[in-house]
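Worksheet for the structure shown next.
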Amino acid sequence: MASCSISRTAPTTSVASEPRVFTVVASPVGDLTLTGTTEALTGCWFELHGKPTNVGPDLRRDDSAFAEAATQLAAYFAGERTDFDLSLHPTGTPFQLQVWERLRAIPYGETRTYGDLAVEVGSPGASRAVGLANGRNPLSIIVPCHRVIGADGSLTGYGGGMDRKRYLLDLEAGVRSLL
């Protein structure tokens, strides 16, 4: 697992008062919108992704922001990086944060089921709740929600679309695929 972790604390006053910025980076799966502050990344959104929960009128574009995240994403897509070393601060419930932290523990090239994750977070009967938390992950790719599959091994819903999910899983399996 990468050395970065998801912050479980409320933003400090300095983080909360820092300007919120975004930039857009190109990727093989389409443009990715990165959001956050100078201190932490709060979102990585696909083009035409569902409604981002952390985008608001106080967000301003800064194309110099998130250079390290863009570099790490490019290395991931080139097959040169298997994890991310970034400061992350997504917004979510304690349960969502717990699920997102477990997503970060799924090794590159491997998958888990919603049921597996429910057991790992100590709620064996909460597969659906895990699925909902997975679907609200604001840090696509970086927090690898694409590595979660159905109990029967099938690909299941993905906020970025099933073609992107297949592409990411193929990339991690060393299979060349087209989007």
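Given (1) touching a residue at least 40 places away in the same chain (Cβ under 8 Å); (2) buried (at least 20 other Cβ atoms within 10 Å of the Cβ); (3) assigned to a helix (DSSP H, G or I), where does Leu97 come up short, assuming only one miss?
Leu97 satisfies all of (1) touching a residue at least 40 places away in the same chain (Cβ under 8 Å); (2) buried (at least 20 other Cβ atoms within 10 Å of the Cβ); (3) assigned to a helix (DSSP H, G or I) except (2).
Being modelled with pLDDT of 95 or more and in a loop (DSSP other than H, G, I, E, B) is the filter; apply it to the range 43-78 and report the residue that is farthest from Ile142 (Cα to Cα).
Ala78
Under the condition of being acidic (Asp, Glu) and outside any loop (DSSP other than H, G, I, E, B), which residue from the range 100-124 is farthest from Tyr167 (Cα to Cα)?
Glu120
The values are calculated or read from the model by the stated rules, or taken from the named source; none is laboratory data. Fair warning: this is a prediction, and the values are worked out from it, not measured in the lab. A quick note on method: Cβ atoms are made from the backbone with ideal geometry, for glycine too, and the neighbour counts reach across all protein chains shown.
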